[in-house]
1. Which helices (runs of 4 or more DSSP H) sit wholly inside region 174-288 and have at least 1 residues that are under 30 Å from Asp314 (Cα atoms) and aliphatic (A, V, I, L, M)?
2. Can you name the condition, by its number, that Pro253 falls short on among (1) open to solvent by less than 50 Å² (accessible area, probe 1.4 Å); (2) over 30 Å from Arg221 (Cα atoms)?
3. Those residues that are more than 15 Å from the ligand (Cβ to nearest atom) and free of Cβ contacts under 8 Å to residues at least 40 places away in the same chain, I need them from region 316-334; list them, please.
4. Listed residues Val416, Val345; which is among the hydrophobic types (A, V, I, L, M, F, W, C), over 24 Å from Ile282 (Cα atoms) and open to solvent by 70 Å² or more (accessible area, probe 1.4 Å)?
5. Which number in (1) under 25 Å from the mean Cα position of the chain (by Cα); (2) surrounded by 14 or more Cβ atoms within 10 Å (Cβ to Cβ) marks the one condition that Leu232 misses?
6. Go through the residues of region 323-341 one by one and say whether even a single one is of a type outside the set (Phe, Trp, Tyr), farther than 16 Å from Ser291 by Cα and in contact with a helix residue (DSSP H, G or I) (Cβ under 8 Å, 6 or more places away or on another chain).
7. Do we have Ala16 as of a type in the set (A, V, I, L, M, F, W, C), in the same structural domain as Ile402 (by TED's automatic domain parsing) and surrounded by fewer than 18 Cβ atoms within 10 Å (Cβ to Cβ) here?
Amino acid sequence: MNHFEYGPEGLACEGAPLARIAAEVGTPVYVYSRATLARHFTVFRDALVAAGIVDPLVAYAVKANSNVAVLKVLGDLGAGADTVSEGEVRRALAAGIPAERIVFSGVGKTRREIEFALRAGVAEINVESEPELDLIARVAGALGLRAKVAFRVNPDVAAGGHAKIATGKSENKFGVSFAEAARLYANASNNANLEPVGVACHIGSQITDLAPMRAAFAKMRGLVEQLLAEGLSVERLDLGGGLGVPYFNNPEPPSPADFAAMVGEVTKGLPVKLAFEPGRVIAANAGVLVSEVIHVHERPEGRKFLVLDAAMNDLVRPAMYDAFHDIRPVIPRTGEAVYDVVGPVCETGDTFTRDRVLPPFAAGDLVAFMSAGAYGAAMASEYNTRPLVPEVLVDGDRYAVIRQRPTYDEILARDVIPEWI
Ligand code: LLP
């Protein structure tokens, strides 16, 4: 469920009409519903608890939507944070998420990032390779600390979905094999600078079938049992993120309750705490991208282009993954027309969709890209020197700009002409 409904002033986010926000803040603009964010987090966590999972750590995947205000909404409800860079760790800390609820993942953490995370005292660093483990041990040794580490295992399970976001096959760059994990775990437990606390997996994103997850989690259970049988201490099993959301054109994904019931079955009786790293399922349907129609350009051969003021730099998912986003009129319109919906960026790839049946639009109309709260603003860039898209958070009928649109002066001030030119 989300909180984007039509009211007397057209499509609204909770009690705030999108047209009003667009008039005040300008377009393009991302708009998020606090109530939806809170609801998605609570539903996810409560489903786990209802399935018998005691005190789960729900570490929201910051990469999905990293705005500090969004993180604060979730952190205040008890969310932890799954982070993949020093920047994300800093964002989570700035949002008030305690370090003991922060997981630091990522394939190529630098020495500096590891040092920062260790000093901050994060709950665990998810180790992706043997060289990384060695680096963490050296950095922890130099700091006189004991690093809490968990091993990210690549369960070699195909999760379906788009190839660019599948991570769980052994040909992908992520994680170590089961055999390596067992060996490294035992080694680490004999290293004074390392404290192995668990194992982790994450097999992909936008997963709409529980079968591959079940297969991966069952293998992870086997690994935990093996480590425990070897007398090693295992506190936590981190099952990653990946649960899909409905984008209107794809199979209805399993609900958090279905997911939780499956996890409950697979992990029943396992004497470790569970952690999760959901991103999309929390944020995607909590946000929309509002954009204005600049022109309707009709080609002589009949093709109609809806040229928007939003582009691939603001929402890259369609260009990058052929992703589908529902497009709705902010003010309801009757009738139908077939459009190619494009942005102003100078690339053919700057196409949101082709041959989409939509209501008829005219220049100046507002459209909303639905389900854009995850991997939308977080992946935006300033390509074509288009100012970074702003973000607004709604709470009932009040709202606030939670990331400003930069001015051109700010953008230009970042570039430096060396004195020798
Ligand atoms: N944990 C790890 C280690 C991850 O790599 C990811 C996502 C997550 C958790 C969160 O996954 P989620 O619950 O959101 O599926 N930009 C792409 C998605 C990339 C996902 C990368 N990893 C998109 O727009 O579809």
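The values are calculated or read from the model by the stated rules, or taken from the named source; none is laboratory data. These numbers were taken from a predicted model, which means no experiment stands behind them. When we count neighbours, we look across all protein chains shown, and the Cβ atoms used for this are built from the backbone with ideal geometry, even at glycine. Please note that ligands, DNA and RNA were not included when accessible areas were found on the heavy atoms of the full protein model with its side chains. Shrake-Rupley method; radii C 1.70, N 1.55, O 1.52, S 1.80 Å.
1. 280-283
2. (2)
3. Arg333, Thr334
4. Val416
5. Evaluating Leu232 over (1) under 25 Å from the mean Cα position of the chain (by Cα); (2) surrounded by 14 or more Cβ atoms within 10 Å (Cβ to Cβ) leaves (1) as the failure.
6. Looking for residues that are of a type outside the set (Phe, Trp, Tyr), farther than 16 Å from Ser291 by Cα and in contact with a helix residue (DSSP H, G or I) (Cβ under 8 Å, 6 or more places away or on another chain), one finds at least one in region 323-341, hence yes.
7. no
Rundown of residues vs (1) of a type in the set (D, E, K, R); (2) within 24 Å of the chain's Cα centre (by Cα), yes/no style:
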{"site": "Pro300", "(1), (2)": "no, no"}
{"site": "Arg317", "(1), (2)": "yes, yes"}
{"site": "Ala323", "(1), (2)": "no, yes"}
{"site": "Val342", "(1), (2)": "no, no"}
{"site": "Val345", "(1), (2)": "no, no"}
{"site": "Phe352", "(1), (2)": "no, yes"}
{"site": "Gly364", "(1), (2)": "no, no"}
{"site": "Arg386", "(1), (2)": "yes, yes"}
